[in-house]
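The values are calculated or read from the model by the stated rules, or taken from the named source; none is laboratory data. Only a predicted model underlies this, so the values are computations on that prediction, with no experimental measurement involved. Glycine gets a Cβ as well: all are built from the backbone with ideal geometry, and neighbour counts include every protein chain shown. Surface accessibility is based on the protein's heavy atoms, side chains included, excluding ligands, DNA and RNA. Shrake-Rupley method; radii C 1.70, N 1.55, O 1.52, S 1.80 Å.
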Amino acid sequence: MTYRGDIFKTPLLYVLIILTALMSSCGVNKKPTPISGKPVYSATGRPLLTAEEIVTDLIAYGKKFLGKPYNYRGPSAWPMDCSGYVAYLYSCYGIHIPRSSSALYTYTLPVRYPLPGDLLFFRGNNNKNSRIGHVALLIEVRGEELIMMHNTNSRGIIIESVQSSPYFRNRYVGAGRLPEIHARMD
């Protein structure tokens with residue numbers, strides 16, 4: 001006679017074994033490979049790419065999402081709002097950063113002269129409030145002009161100039177560099 005508790009023990013064990021096998025084979029712990037095809041880390045975990053190589057590759061990869069709507073899910077485990085988009089891009093290179101604009105602002109190192117790959121921070125909808133409410137990825141510097149790639153509520157993922165956008169120009173707070181990128185700079 002089968003005991004009622006024994007019926008569930010065996011199938012549950014099989015489910016746990018299958019889930020463990022799937023998680024270990026689906027790339028959960030896999031080191032990321034950028035679109036350039038070069039590995040980011042060696043087998044021992046040592047970084048192989050310079051900051052410039054990561055940023056160049058990351059920007060090229062980020063452009064593949066242009067036109068996607070705000071909160072696009074895509075390959076991300078979470079909806080891509082402005083900070084989610086930036087966090088997702090960097091996570092593809094093994095760099096895991098906070099998931100909110102304000103947390104990113106305190107996490108980054110302030111920079112006076114931003115470079116591609118740095119993050120640009122903006123006040124939220126209320127221009128009088130100093131709270132950080134938006135983040136963008138700097139992709140190009142043209143003299144004094146900062147070209148950013150970011151995810152907006154109304155237009156989705158776009159590229160635009162900070163200086164050409166009255167909305168963002170008036171809300172610009174400053175730029176920050178990720179410590180992980182700063183550590184790889186020459």
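Annotation note: Cβ proximity below 7 Å between a residue of region 152-174 that is closer than 19 Å to Asp118 by Cα and a residue that is open to solvent by less than 10 Å² (accessible area, probe 1.4 Å) and assigned to a helix (DSSP H, G or I) (sequence gap 6+ or interchain) occurs for Ile157/Tyr85. Restricting to region 69-88, give me the number of residues that are touching a strand residue (DSSP E or B) at 6+ places or on another chain (Cβ under 9 Å) and within 18 Å of Ala103 (Cβ to Cβ). Matching residues across region 69-88 total 10. For region 75-114, the set of residues classified as of a type outside the set (Phe, Trp, Tyr) and open to solvent by 40 Å² or more (accessible area, probe 1.4 Å) consists of Pro75, Ala77, Pro79, His96, Arg99, Ser100, Ser102, Thr106, Leu109, Pro110, Arg112, listed by residue number. Being among the hydrophobic types (A, V, I, L, M, F, W, C) and buried (at least 19 other Cβ atoms within 10 Å of the Cβ) is the filter here, so list the residues in region 57-74 that pass it. Once the filter is applied, which keeps residues that are among the hydrophobic types (A, V, I, L, M, F, W, C) and buried (at least 19 other Cβ atoms within 10 Å of the Cβ), region 57-74 yields Leu58, Phe65. Please count how many residues of region 75-87 are over 11 Å from Leu137 (Cβ atoms) and touching a residue at least 12 places away in the same chain (Cβ under 8 Å). Residues in region 75-87 being over 11 Å from Leu137 (Cβ atoms) and touching a residue at least 12 places away in the same chain (Cβ under 8 Å): 6 in total.
With respect to Arg131, is the statement that it is in contact with a Ser or Thr (Cβ under 8 Å, 6 or more places away or on another chain), closer than 22 Å to Gln163 by Cβ and basic (Lys, Arg) true? It is false that Arg131 is in contact with a Ser or Thr (Cβ under 8 Å, 6 or more places away or on another chain), closer than 22 Å to Gln163 by Cβ and basic (Lys, Arg).
Any residue at all in region 122-132 that's buried (at least 19 other Cβ atoms within 10 Å of the Cβ) and within 20 Å of Met185 (Cα to Cα)? No, there is no match, as no residue in region 122-132 is buried (at least 19 other Cβ atoms within 10 Å of the Cβ) and within 20 Å of Met185 (Cα to Cα).
Check region 97-111 and report whether any residue there is of a type outside the set (S, T, N, Q), part of a loop (DSSP other than H, G, I, E, B), touching a Phe, Trp or Tyr at 6+ places or on another chain (Cβ under 9 Å) and at positive phi.
First, pick out the residues of region 97-111 that are of a type outside the set (S, T, N, Q): 97-99, 103-105, 107, 109-111.
This time we only want the ones that are part of a loop (DSSP other than H, G, I, E, B), so: 97-99.
Checking which are touching a Phe, Trp or Tyr at 6+ places or on another chain (Cβ under 9 Å) leaves us with 97-99.
When the remaining residues are screened for being at positive phi, the result is none.
For region 97-111, residues of a type outside the set (S, T, N, Q), part of a loop (DSSP other than H, G, I, E, B), touching a Phe, Trp or Tyr at 6+ places or on another chain (Cβ under 9 Å) and at positive phi: absent.
When every residue of region 176-183 is checked against the conditions, none turns out to be without any contact (Cβ under 8 Å) to a residue 40 or more places away in the chain and of a type in the set (D, E, K, R).
Under the condition of being among the charged types (D, E, K, R) and part of a helix (DSSP H, G or I), which residue from region 53-73 is modelled with the highest pLDDT? Top of the filtered list is Lys63. Just to be sure, is Ala136 more than 11 Å from the chain's Cα centre (by Cα) and aliphatic (A, V, I, L, M)? Against the criterion (more than 11 Å from the chain's Cα centre (by Cα) and aliphatic (A, V, I, L, M)), Ala136 does not qualify.
Condition check: hydroxyl-bearing (Ser, Thr, Tyr) and in contact with a Ser or Thr (Cβ under 6 Å, 6 or more places away or on another chain). Does Ser101 satisfy that? Write out each step before concluding.
On the way: hydroxyl-bearing (Ser, Thr, Tyr): yes; in contact with a Ser or Thr (Cβ under 6 Å, 6 or more places away or on another chain): yes.
In short, yes.
Remark: pairs (first residue in region 112-141, basic (Lys, Arg); second residue in a loop (DSSP other than H, G, I, E, B) and exposed (fewer than 14 other Cβ atoms within 10 Å of the Cβ); Cβ separation under 8 Å; 6+ apart in sequence or on different chains) = Arg123/Asn129; Arg123/Ser130; Arg123/Arg131.
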